[in-house]
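Everything below concerns the one structure shown next.
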C-alpha cells in the first residue's frame, strides 16, 4: 500500500513513462482506464519522460489525460491542453557532436544512438552499453567537459547540466500556475531524482537504484508498472 500524506490537497500527478507506466510488454491492462479516472475525478495526470516529444504524444493521447508533456528529460515542454506552443529549452547539437567524438574513443559505441534521435532536439541519447564511467572520463578531458552523462536503465543521455526533468517540470507548472508543492511525481530511475526534489511528494516504483529509493518519499509494494497501478488505485480510493 502506498503511504500518501493524509491531509494534502493535490493538483497534479506526474508520471515517468518507461519502467513506470510501460515496459517492453506495453501498458498494464488496467492502466488506461485508471489513469483517465484519476485525471477526471481526482487530479490532472501529466507525463515527464526521456523520450522525444513525438514518442510521448501518442502515449498521452492513448491515456486520454489532460496534463502536459515534459520530454527529452526536461528539454521539451508541450501543454497542448492549455493551448501553449511547443518549447525547446536547449539546443542539443553539441551533445550530438560529443556522442560522435565518444564513438572514436569507445569501441562498440554507436553515435547514432537510439532510433528516436531523429526527432531529438535538446540532448542526445545513446543505447545502453554499460560504459557510463568511461564516457564521463573522456568528456571530462574534452571540449565537451560541460556536458553530463545520465543513465536511465533504458538508455544513456548526454546533455547540458541543469537540463533535467526538474527544469522542464518547473516551466510547465509555471505555465499552468500550479505550485510544485501541490504535485506528486512517480518514477523509477536516476533521471527522475531531480523531479522528485521539485514536487511535494514523490513515489518510486522500483528499487533497482538505491539513490532513487533514497530520494523518493515512499516506494510502492509492487514494482514497475504494477507499482503505478497500485498508486493509481490508492489515489482513487482516497478521492
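The values are calculated or read from the model by the stated rules, or taken from the named source; none is laboratory data. What you are looking at is a predicted structure, and each value in this text was computed from that prediction instead of being measured. In this analysis, Cβ positions are derived from the backbone assuming ideal geometry, glycine residues included, and neighbour counts consider all displayed protein chains.
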Q. Out of all the residues in segment 198-211, is one or more part of a helix (DSSP H, G or I) and either under 23 Å from residue 35 (Cβ atoms) or not assigned by TED's automatic domain parsing to the domain that holds residue 49 (or both)?
A. no
Q) Considering only residues of segment 219-238 that are touching a helix residue (DSSP H, G or I) at 6+ places or on another chain (Cβ under 6 Å) and not in a helix (DSSP H, G or I), which is surrounded by the fewest Cβ atoms within 10 Å (Cβ to Cβ)? A) 222
Q: Among the residues of segment 165-188, write down those that are within 10 Å of the chain's Cα centre (by Cα) and surrounded by fewer than 24 Cβ atoms within 10 Å (Cβ to Cβ).
A: 166
**Q.** The listed residue being under 14 Å from residue 168 (Cβ atoms) and at pLDDT 95 or above, out of 50, 67
**A.** 67
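Yes/no per residue for (1) in contact with a strand residue (DSSP E or B) (Cβ under 6 Å, 6 or more places away or on another chain); (2) without any contact (Cβ under 8 Å) to a residue 40 or more places away in the chain; (3) in a strand (DSSP E or B); (4) not assigned by TED's automatic domain parsing to the domain that holds residue 189:
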position	(1), (2), (3), (4)
3	yes, no, no, yes
20	yes, no, no, no
35	yes, no, no, no
40	no, yes, no, no
46	yes, no, yes, no
59	no, no, no, no
62	no, yes, no, no
66	yes, yes, no, no
Q.
Let me spell it out: the conditions are (1) within 18 Å of the chain's Cα centre (by Cα); (2) at positive phi; (3) in a loop (DSSP other than H, G, I, E, B), and residue 73 meets all of them except one. Which number is the exception?
A. (3)
Q) Within segment 32-47, can you find the residues that are crowded, with 19+ Cβ neighbours inside 10 Å and within 11 Å of residue 59 (Cβ to Cβ)? A) 35, 47
Q: Being surrounded by fewer than 16 Cβ atoms within 10 Å (Cβ to Cβ) and either at pLDDT below 95 or within 16 Å of residue 174 (Cβ to Cβ) (or both) is the filter here, so list the residues in segment 70-85 that pass it.
A: 81, 82, 83, 84, 85
